[in-house]
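The structure under discussion appears below in the form of structure tokens.
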Amino acid sequence: MAAAQAARDATGPVSRFFVSQRMRLHYVDWGNPEAPPLLLVHGWRDHSRSWDWVAPHFTKDWHVIAPDLQGHGDSQWSGDGNYSFAAYIYDLAQLIHQLELAPVTILAHSLGGEICLRYTGLFPDNVRKIAAIEGLGMSPRILDERGGKPIADRMRGWVDHRRSLTARPARRYASVEEALHRMQEENKHLSDEQARHLTHYGVNQNEDGTYSWKFDPYLRSWAPYEMTRQDVYDIWARITCPTLLIYGKESDASNPTEDGRFQHFKTANLVWVPDAGHWVHHDQLDILLGHAKGFL
């Protein structure tokens, strides 16, 4: 057993695929299939290998699996460039169903947290525990600003934005180093080692030798309509398993206890991590692991 654990830690995860909505979706499997399953679900424009510092701390006691959401990482892009929460939730449901993971434990970040919290409310018997890092989505204030516009304006804006994306080619970087600098601009908390690792797994090399990010540029286009805020609150209220909400004190995210969102959870606790922004698991790994291990 100890030798198998050492081998997993040394070689890292194995790439695997499953099919959902006619798309070939990727996930990495850290082994130990006899152990209880633990899903690690990344955020917007991120990828499964962003969990590489977290996963090894759980592989002794858990069967750790980290998927790439559609349009991200090594998963296929949506054929029509549309990415909805309904589609993301279906993919997650299919992964859990096809791999027979229920009841599963989940640790998720940002967009991944939004998806997983909604899945948990929809299928409460399928989730044992869930911890979400800044996973409640846009603040009520931002949603009010967006929702306050007439649907005709939102639809026209969406059409114009989509059209602009078709005219804008994917950003190409002359080298991995150039892409690395862009990664560091996005999150100044990242160490050089972290930024290099995330960039290595986050880019593909183009035929002309340049590099581009793996995520679909159409991810920048948000749907003009979605579940209503009350719909989401009703789904959160259906969650029955222990829930942990994790926030970075230096994040720009709205405080859930002040904006009213926290009150819609019946089984949740909230913790704040000092000296951390939106990517708590990168900014303060040891503190994050302490909270996550104690909770899970």
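Readers should treat all values here as calculations from the given coordinates under stated rules, not as data from a laboratory. Note that the coordinates shown come from a computational prediction; the quantities given were computed from them, not determined experimentally. Note that we place each Cβ from the backbone using ideal geometry, even for glycine, and neighbour counts take in every protein chain shown.
Express the relative contact order of the stretch 202-278 as a whole percentage, based on alpha carbon pairs under 8 Å and six or more residues apart in sequence.
29
Given the chain, what percent of its DSSP beta bridges are antiparallel, to the nearest 5?
40
List every DSSP H helix in the chain whose Cα atoms extend 18 Å or more along the helix's own long axis and whose mean Kyte-Doolittle hydropathy is at least 0.5.
Long hydrophobic helices here: 85-98.
Please give the calculated 222 nm ellipticity per residue for the chain, where each DSSP H segment of at least 4 residues contributes -39500 (n - 2.57) and the sum is spread over every residue; nearest 500 deg cm²/dmol?
Mean residue ellipticity, 222 nm, calculated: -11000 deg cm²/dmol.
Using 7 Å Cα-to-Cβ label points, what is the residue 142/residue 259 separation (nm, one decimal)?
Placing both labels 7 Å along Cα→Cβ, they lie 0.7 nm apart.
Write down the percent of antiparallel bridges among all DSSP beta bridges whose residues are both part of the stretch 1-151, to the nearest 5.
Antiparallel: roughly 45 percent of the beta bridges in the stretch 1-151.
Arranged from highest to lowest average of other beta-carbon atoms within 10 Å per residue, in what order do the peptides 214-222, 242-250, 268-276, 40-48 appear?
40-48, 242-250, 214-222, 268-276
Please give the length that would be gained between residue 269 and residue 11 if that part of the chain were fully extended, namely 0.36 nm times their separation in residues minus their C-alpha to C-alpha distance (nm, one decimal).
Result: 89.3 nm gained on full extension.
Take the Cβ-Cβ distance between residue 168 and residue 191 as r, set R0 to 41 Å, and report the resulting FRET efficiency rounded to the nearest 0.05.
After rounding to 0.05, the efficiency reads 0.85.
Would you work out if the stretch 137-296 is rounded, prolate or oblate? Take a ≥ b ≥ c from the square roots of the eigenvalues of the alpha-carbon gyration tensor; rounded if a/c is under 1.5, else prolate when a/b is larger than b/c, oblate otherwise.
Judged from the Cα gyration tensor, the stretch 137-296 comes out oblate (a/c at least 1.5, b/c at or above a/b).
Rounded, prolate or oblate: pick one for the stretch 30-119, where a ≥ b ≥ c are the square roots of the eigenvalues of its C-alpha gyration tensor, a/c under 1.5 means rounded, and failing that, prolate if a/b is larger than b/c, else oblate.
Verdict is prolate for the stretch 30-119.
Between residue 34 and residue 252, what FRET efficiency comes out of the Förster formula 1/(1 + (r/R0)^6) with R0 = 51 Å and r the beta carbon distance, rounded to 0.05?
0.75
Please work out how much length the chain gains when fully extended from residue 231 to residue 176, using 0.36 nm per residue of separation minus the C-alpha to C-alpha distance, in nm with one decimal.
15.6 nm is the gain from fully extending residue 231 to residue 176.
Restricting to the stretch 196-296, compute how many DSSP beta bridges are antiparallel as a %, nearest 5.
Here the antiparallel bridges make up roughly 35 percent for the stretch 196-296.
Would you mind calculating the relative contact order of the chain from Cα pairs under 8 angstrom and at least 6 residues apart, reporting the percent as a whole number?
About 17 percent, as a whole number.
Test of understanding: what is the full-extension gain from residue 93 to residue 206, defined as 0.36 nm times their sequence separation minus their Cα-Cα distance?
37.4 nm
Hey, can you rank 13-22, 278-287, 91-100 by average C-beta count inside 10 Å, highest first?
278-287, 91-100, 13-22
Considering the Cα positions of the stretch 105-231, please state its Rg to one decimal place and its Dmax as a whole number of Å.
Here Rg and the maximum Cα pair distance are 18.3, 49 Å.
List every residue whose amide H lies under 5 Å from the amide H of residue 104, counting only residues 5 or more places away in sequence or on a different chain, with H placed 1.01 Å from N in the peptide plane.
127, 128
Decide, for the stretch 160-235, between rounded, prolate and oblate: order the square roots of the alpha carbon gyration tensor eigenvalues as a ≥ b ≥ c, take rounded if a/c falls under 1.5, and otherwise choose prolate if a/b is larger than b/c, else oblate.
oblate
For a quick protection proxy, order the peptides 50-61, 129-140, 201-212, 150-161 by their average other-Cβ count within 10 Å, most packed first.
Those peptides, ordered most packed to least, come out 129-140, 50-61, 201-212, 150-161.
May I have the count of lysine pairs in the chain with C-alpha atoms under 19 Å apart, counting pairs 8 or more residues apart or located on different chains?
5
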